[in-house]
Amino acid sequence: MTIIKMRFATKTIHAGVHPDPVTGAIMTPIYQTSTYVQEAPGQHKGYAYARGKNPTRTQLEANLAALENAAYGLCFSSGMGAIDAVIKLLQPGDEVIAGDDLYGGSYRMFTQIYERLGIRFHFTDLSDVSHVAAQVNERTRLIWAETPTNPTLRIVDIVALAQLARGGGFLLAVDNTFASPYLQNPLDLGADIVMHSVTKYLSGHSDVVMGALMVNQEELYARLAFILNSCGANPGPMDSFLVLRGVKTLHLRMKAHCENAAAVAQFLREHPAVGLVYYPGFKDHPGHEVAARQMRGFGGMLSFTLGNDDEQAARQLASSLKVFSLAESLGGVESLVGHPASMTHASIPRDRRVAAGVVDGLLRLSVGVEDVEDLLDDLRAGLDGLG
Ligand SMILES: *Cc1c(COP(=O)(O)O)cnc(C)c1O
């Protein structure tokens, strides 16, 4: 299947995978092994020890690389493990410019682990390129961007940041978790590294924690593969198998996520109990034009406030929904509701959090692929039952 140029839906199913050469099994076997027998000392079939390489993982890495139009893919035991590997490319004294409404775990790692080790982080609104340019200096080595951002769905112009990075001779890494490769391919827009929490849309079934990095530059791939093997954040073969299985329906799931989220966003916007709705598919969303240019749809995530930032109402609604489950995470087939201030973003200091729009009355929805009428009924019942 590598000779023909595959389109996205075909790639999710066929790219990187091949029938088992021994039995013809169509599904990639779970190579549950830690080591490989060598024919003579140092002479092996490319696999020496499973921290470095495992055939199930190799096929998944090839598949995910294809989805991002990348030359190379690497899988990690979690999204954080993947981000950790990118930051380990840096040295004390190096500086990073990152978004000011990052995934809470990324913010926690940057400020509580890596600032201590001498790397400096500047957090700024990446949706305004002039803010980013103002932070660049001769020690800048990396821009760490998410788009759409979490949870306020701001849109960052990847092409503009890539131009800035190229001009300054530093790297641009994009956390593409929220969009998934179905909607957005940052490497095609000039980014150097694309990162995924595979846990979310790529896996899609809320049963695996995994991360991935995709790159085009061979030297960058070699350095990241060295870090993966040296530091050991490698995923197991069973998880690799589960993601290979999940990814085969990525295109079907993403289409349904996008359709359902658009309907939910419109419903919320029209409901009198709802304050602001953050959804990049709205024409008046400040990032709509950039999103329409760099994405192929507006995704399955949205967030909203109740009344005039009413925390009590937000907590009550989050607990009263029946089809939406109250849980962290996103990107699975089932719909989830979260309260970022007390859940995913609790590790960000309150003043910084509120300044980035993550107010106490904000709720985030990961809109699943259930029947949209059931989702709307659930929200309607919850909203009508408030206070
Ligand atoms: C979940 C998530 C991460 C972290 O990934 P894990 O797989 O949970 O380690 C990073 N970035 C974003 C945007 C996420 O949603």
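What to note about this one:
- Residues of segment 358-373 that turn out to be farther than 15 Å from His257 by Cβ and either acidic (Asp, Glu) or open to solvent by less than 20 Å² (accessible area, probe 1.4 Å) (or both), as a count: 6
- Answer residue from segment 150-176, given it is in contact (Cβ under 8 Å) with a residue 60 or more places away in the chain, open to solvent by less than 10 Å² (accessible area, probe 1.4 Å) and out of contact with any Ser or Thr (no Cβ under 7 Å at 6 or more places or on another chain) and is farthest from the ligand (Cβ to nearest atom) among those: Ala173
- Filtered residue count, segment 137-156, keeping only those that are closer than 27 Å to Phe282 by Cβ and either assigned by TED's automatic domain parsing to the domain that holds Pro286 or in a strand (DSSP E or B) (or both): 4
- Any hit, segment 262-274, residues being closer than 25 Å to Ala212 by Cα and not polar (S, T, N, Q): no
- In the set (1) in contact with a Ser or Thr (Cβ under 8 Å, 6 or more places away or on another chain); (2) within 26 Å of Ala355 (Cβ to Cβ); (3) not hydrophobic (A, V, I, L, M, F, W, C), Glu115 fails one condition alone, (1).
- Spans of helices (runs of 4 or more DSSP H) in segment 1-93 with at least 3 residues more than 21 Å from Asp188 (Cα to Cα): 55-67, 79-87
- Every residue from segment 121-136 that is open to solvent by 50 Å² or more (accessible area, probe 1.4 Å) and either acidic (Asp, Glu) or not assigned by TED's automatic domain parsing to the domain that holds Gln184 (or both): Asp128
- Test: residue in segment 113-120 that is surrounded by fewer than 18 Cβ atoms within 10 Å (Cβ to Cβ), of a type in the set (Ser, Thr, Tyr) and more than 14 Å from the ligand (Cβ to nearest atom): no
- Sole residue being within 13 Å of the ligand (Cβ to nearest atom), among the β-branched types (Val, Ile, Thr) and under 21 Å from the mean Cα position of the chain (by Cα), chosen from Val86, Val96: Val86
- Some residue of segment 192-206 being more than 16 Å from the ligand (Cβ to nearest atom) and either under 30 Å from Thr35 (Cβ atoms) or under 18 Å from the mean Cα position of the chain (by Cα) (or both): yes
- Summed over segment 288-308, the residues that are assigned to a helix (DSSP H, G or I) and open to solvent by 40 Å² or more (accessible area, probe 1.4 Å) give a count of 3.
- Entry remark, segment 177-191: residues being within 16 Å of the ligand (Cβ to nearest atom) and over 13 Å from Ala65 (Cα atoms) number 6 in total.
- Evaluating Arg353 against the criteria (1) open to solvent by less than 40 Å² (accessible area, probe 1.4 Å); (2) more than 28 Å from Phe123 (Cα to Cα); (3) without any contact (Cβ under 8 Å) to a residue 60 or more places away in the chain leaves one unmet condition, (2).
- Elements of type strands (runs of 3 or more DSSP E) in segment 191-286, at least 1 residues being surrounded by fewer than 22 Cβ atoms within 10 Å (Cβ to Cβ): 274-278
- Taking segment 59-83 as the range and being open to solvent by 40 Å² or more (accessible area, probe 1.4 Å) and more than 16 Å from the ligand (Cβ to nearest atom) as the test, the residues that pass are Ala62, Asn69, Ala71, Tyr72.
The values are calculated or read from the model by the stated rules, or taken from the named source; none is laboratory data. Just so it is clear, the model here is predicted, and its values are computed rather than measured. Backbone-built Cβ (ideal geometry, glycine too); neighbour counts: all protein chains shown. To get the accessible areas, we keep the full protein, side chains included, count just its heavy atoms, and leave off ligands, DNA and RNA. Shrake-Rupley method; radii C 1.70, N 1.55, O 1.52, S 1.80 Å.
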